[in-house]
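Student: What follows is a single structure, and I will ask about it in a moment.
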Amino acid sequence: MPRFSANISMMFTEVPFPERFAAAAAAGFEAVEIQLPYEFGTDEIAAELERHGLRLVLINTPAGDWVSGERGLAALPGKEAAFRAAFAEAIAYARALGVRQVHAMAGNAEGPIARDTYIRNLRNACDQAAEADVTVLIEPINTHDMPGYHLTTTDDAVEVIEAVAADNLGLQLDLYHCQMMEGDLARRVESLLPLIGHIQVAGVPGRHEPDNGEICYDYLFGLLDDLGYDGWVGCEYAPAGRTEDGLGWFRKWRRAG
């Protein structure tokens, strides 16, 4: 049975951030993921994880100046020093909180110079992450939600992973983004499985609960079991209403105990 983590940057937002750990644990989640934890101290986060018996399985690198339109730094020419600083901060959080996977956000940039910058930055990041026993992940993001993002398809991600050629670089496969851009989810999961470090889910359209929309997640969750996927499935969706009211889909897949 797949292991599910709650993305508490998007779920349980009815309560203040520190209370979302308790809400996730009460709902039956064994783990959480946080997009950008950096406004909270590691001691505060660690205390909540320990108090509620949760693991933190994924964080993103700092995304730069979100207000001005930055959505990550890894592919931005001229921002190499800023990316190094952002990645160092992410690794410091990962070390303190026992996180084994960090998503290096590419940012909004196009063209071959941006691609070369991205590959160089990822190589350096993987070297740094290896010292902390951390895997770096890259995630294709759809152009409807994030126009101009550098990495948009799984084929593109595979090319980057092959170019970087680091053992600790993997694919963060968000099935919501993949459906929006490419479709053919089952075959993509099968073919990409050796590269996948983390999977995320949400309904299409709307990015709400995974039982709402055109994707048959029951089939895909069963496929993950059949394929022997042993990573986490992150619930990175915006609940259509109160988070707990939309967790009916999860009861079937919640682990006993």
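The values are calculated or read from the model by the stated rules, or taken from the named source; none is laboratory data. Being a predicted model, the structure only gives us computed values, none of them experimental. Neighbour counts are summed over all protein chains in view; Cβ atoms, including those assigned to glycine, are modelled from backbone coordinates with ideal geometry. Note: areas computed on protein heavy atoms with side chains; ligands, DNA, RNA excluded. Shrake-Rupley method; radii C 1.70, N 1.55, O 1.52, S 1.80 Å.
Student: Within the set of pairs 6+ apart or on separate chains, which have a first residue in segment 224-246 that is closer than 15 Å to ASN7 by Cβ, a second that is open to solvent by 50 Å² or more (accessible area, probe 1.4 Å) and not in a loop (DSSP other than H, G, I, E, B), and C-beta atoms under 7 Å apart?
Tutor: Correct list of pairs: TRP232/ARG3; VAL233/ARG3.
Student: Next question, about the same structure. Within segment 60-114, which residues are in a helix (DSSP H, G or I), open to solvent by 30 Å² or more (accessible area, probe 1.4 Å), hydrophobic (A, V, I, L, M, F, W, C) and over 13 Å from ALA129 (Cβ atoms)?
Tutor: ALA81, ALA82, ALA85, ALA96, ILE113
Student: Return only the number of the condition from (1) under 30 Å from GLY78 (Cα atoms); (2) open to solvent by 40 Å² or more (accessible area, probe 1.4 Å); (3) free of Cβ contacts under 8 Å to residues at least 12 places away in the same chain that TYR38 does not satisfy.
Tutor: Answer for TYR38: the failing condition is (3).
Student: Specify which of the listed residues (MET11, MET1) is among the aliphatic types (A, V, I, L, M), surrounded by fewer than 15 Cβ atoms within 10 Å (Cβ to Cβ) and more than 22 Å from LEU169 (Cβ to Cβ).
Tutor: Details: MET11 fails: surrounded by fewer than 15 Cβ atoms within 10 Å (Cβ to Cβ).
Within the list MET11, MET1, the selection yields MET1.
Student: For residues in segment 180-214 being assigned to a strand (DSSP E or B) and either of a type in the set (Val, Ile, Thr) or touching a His at 6+ places or on another chain (Cβ under 6 Å) (or both), which is surrounded by the fewest Cβ atoms within 10 Å (Cβ to Cβ)?
Tutor: If we take residues in segment 180-214 being assigned to a strand (DSSP E or B) and either of a type in the set (Val, Ile, Thr) or touching a His at 6+ places or on another chain (Cβ under 6 Å) (or both), then ILE196 is surrounded by the fewest Cβ atoms within 10 Å (Cβ to Cβ).
Student: All but one of (1) open to solvent by 80 Å² or more (accessible area, probe 1.4 Å); (2) closer than 18 Å to LEU195 by Cα; (3) over 18 Å from the mean Cα position of the chain (by Cα); (4) not aromatic (Phe, Trp, Tyr) hold for ASP230, so report the exception by its number.
Tutor: Going through the list (1) open to solvent by 80 Å² or more (accessible area, probe 1.4 Å); (2) closer than 18 Å to LEU195 by Cα; (3) over 18 Å from the mean Cα position of the chain (by Cα); (4) not aromatic (Phe, Trp, Tyr), ASP230 breaks only (3).
Student: Quick one: would you say ALA25 is open to solvent by less than 40 Å² (accessible area, probe 1.4 Å) and under 25 Å from ASP127 (Cα atoms)?
Tutor: Details: open to solvent by less than 40 Å² (accessible area, probe 1.4 Å): yes; under 25 Å from ASP127 (Cα atoms): no.
No; evaluated as a whole, the condition is false for this residue.
Student: Also: Condition first: aliphatic (A, V, I, L, M), touching a helix residue (DSSP H, G or I) at 6+ places or on another chain (Cβ under 7 Å), surrounded by fewer than 21 Cβ atoms within 10 Å (Cβ to Cβ) and outside any loop (DSSP other than H, G, I, E, B). Can you find one or more residues in segment 239-253 that meet it?
Tutor: Let us first name the residues in segment 239-253 that are aliphatic (A, V, I, L, M), namely 240, 247.
When the remaining residues are screened for being touching a helix residue (DSSP H, G or I) at 6+ places or on another chain (Cβ under 7 Å), the result is 240, 247.
Now drop any that are not surrounded by fewer than 21 Cβ atoms within 10 Å (Cβ to Cβ), which leaves 240, 247.
The next check asks that each one be outside any loop (DSSP other than H, G, I, E, B); those that pass are none.
Taking every residue of segment 239-253 in turn, none turns out to be aliphatic (A, V, I, L, M), touching a helix residue (DSSP H, G or I) at 6+ places or on another chain (Cβ under 7 Å), surrounded by fewer than 21 Cβ atoms within 10 Å (Cβ to Cβ) and outside any loop (DSSP other than H, G, I, E, B).
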